[in-house]
C-alpha cells in the first residue's frame, strides 16, 4: 500500500457539500486496512474550519455517536465554514472495545503519541498523519474523551492553551464555556501526561477544547442523554463561532476547576465513599481499599479542600491506578 493521501484543502473548496468515507493508512496481515473514517460538511458560505474527533481511546464512545448525530442533522447549506469530523480515529481499539489498539505491540496510548512519527509504530503513524492532514489545517478543535470502561466522569470540558496564554487561550476558554456543561477544567497543562492532542494547541496556535463525560458504568442509563450533550455541544460551539445562527444558552451554576488525578498506593477492592460534586475537606477519606478478606489495606485521601469530579468505577483497582479526578475551585 502506498503512503496514505488525503486532500482536505480540495474538499473544503467544494461549497455546500457533504463528504464521508475512509482513509487507508496501512495494510494489515489479513489484507484489510488500518483506516480512519471522516465526515465533512462544507458550508455554502465562507467561515472557519472546526475539527471534531473522538475515540483516540477506543472505549470512549459518547462523542463518536454525538458526531454522527450532528452531521446527519445539519445541512451544509446552513453552515458558514466547514465542520470536519473524525468520529473514530482509533478504529482498531474501537472495534475491540478497548482503550488501546492491541495490534501495536508496544500498547501505545494514542493520546500520548503526538506529534507522531510517519515511520514509527502504527499508532504514531496514525497520529502523524492526522496531525499533518487534519490538525494543521484547523482553525478550532474539539477532541472528545470520556470515562471509558473504567472511570465515571461527570460531564466536563477542558481547554488548551491556558486562558492566560493570549488570544488563543482566551478563545479556547470561551469555547469551553459555550460547549454547555457544568464543569470547565481550567489547568489542563497540569495533567500528568504528555503527547496528547492538547499539546498541538500551542504548536499550531489552535484553540482546543476537550469534553470528557460518561463511561461504561452509565452507558445504558445515560447513553442518549450523553450523546445528545455531545451533539448539542458541537452545535453550541458552532454558534459561538458564528458558523450557525443563534447563541448558545448559558449554563447556570457553571464552575471552573483545576483537576488533579489521585492515584492509589495499594491494589484491592475500591469502595468510593464520596460521590460526584461532593465537596470535601483536606484529609477526608475519599475511598477505601480492602483485600479479598474484607480488611482495609488502603485509603485515598483528599489532598486539599475540593470537589469530586470523577472516580474509578471498577470494583478492582491496581496500585498506581487513577482513583479520583479531584477538583479545586479556580477564580
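Scan region 110-154 for residues that are within 14 Å of the chain's Cα centre (by Cα), at pLDDT below 95 and part of a loop (DSSP other than H, G, I, E, B) and jot them down.
Within region 110-154, 147, 148 meet the criteria.
Among the candidates 38, 61, single out the residue that is touching a residue at least 12 places away in the same chain (Cβ under 8 Å), buried (at least 18 other Cβ atoms within 10 Å of the Cβ) and either farther than 20 Å from residue 229 by Cα or more than 21 Å from the chain's Cα centre (by Cα) (or both). I'd like the intermediate steps shown before the answer.
Details: 61 fails: either farther than 20 Å from residue 229 by Cα or more than 21 Å from the chain's Cα centre (by Cα) (or both).
Matching residue, one of 38, 61: 38.
What's the total number of residues in region 193-220 that are in contact (Cβ under 8 Å) with a residue 12 or more places away in the chain and in a helix (DSSP H, G or I)?
In the first step, residues of region 193-220 are kept if they are in contact (Cβ under 8 Å) with a residue 12 or more places away in the chain; the result is 193-219.
Okay, now just the ones that are also in a helix (DSSP H, G or I), so 197-203, 216-219.
Total satisfying the criteria: 11.
For residue 21, state whether it is over 18 Å from residue 65 (Cα atoms) and either surrounded by 14 or more Cβ atoms within 10 Å (Cβ to Cβ) or under 27 Å from the mean Cα position of the chain (by Cα) (or both). Show your work before the answer.
On the way: over 18 Å from residue 65 (Cα atoms): no; either surrounded by 14 or more Cβ atoms within 10 Å (Cβ to Cβ) or under 27 Å from the mean Cα position of the chain (by Cα) (or both): yes.
Against the criterion (over 18 Å from residue 65 (Cα atoms) and either surrounded by 14 or more Cβ atoms within 10 Å (Cβ to Cβ) or under 27 Å from the mean Cα position of the chain (by Cα) (or both)), residue 21 does not qualify.
Identify the residue in region 166-182 that is free of Cβ contacts under 8 Å to residues at least 24 places away in the same chain and surrounded by fewer than 20 Cβ atoms within 10 Å (Cβ to Cβ) and, among all such residues, is nearest to residue 238 (Cα to Cα).
Of region 166-182, the ones free of Cβ contacts under 8 Å to residues at least 24 places away in the same chain are 166-167, 170, 173.
After this cut, where a residue has to be surrounded by fewer than 20 Cβ atoms within 10 Å (Cβ to Cβ) as well, the list is 166-167, 170.
Values: 166: 22, 167: 18, 170: 17 Å.
So, considering only residues that are free of Cβ contacts under 8 Å to residues at least 24 places away in the same chain and surrounded by fewer than 20 Cβ atoms within 10 Å (Cβ to Cβ), the one nearest to residue 238 (Cα to Cα) is 170.
Given the structure, is residue 275 modelled with pLDDT under 95 and under 27 Å from residue 161 (Cα atoms)?
Numbers: modelled with pLDDT under 95: yes; under 27 Å from residue 161 (Cα atoms): no.
No; evaluated as a whole, the condition is false for this residue.
Out of the residues in region 2-18 meeting the condition of being buried (at least 16 other Cβ atoms within 10 Å of the Cβ) and over 17 Å from residue 51 (Cβ atoms), tell me which one is modelled with the lowest pLDDT.
Restricting to residues being buried (at least 16 other Cβ atoms within 10 Å of the Cβ) and over 17 Å from residue 51 (Cβ atoms), the top hit is 4.
The values are calculated or read from the model by the stated rules, or taken from the named source; none is laboratory data. In this text, all values refer to a predicted model and were calculated from it rather than measured experimentally. No Cβ is skipped: glycine too gets one built from the backbone with ideal geometry, and neighbour counts run over all protein chains shown.
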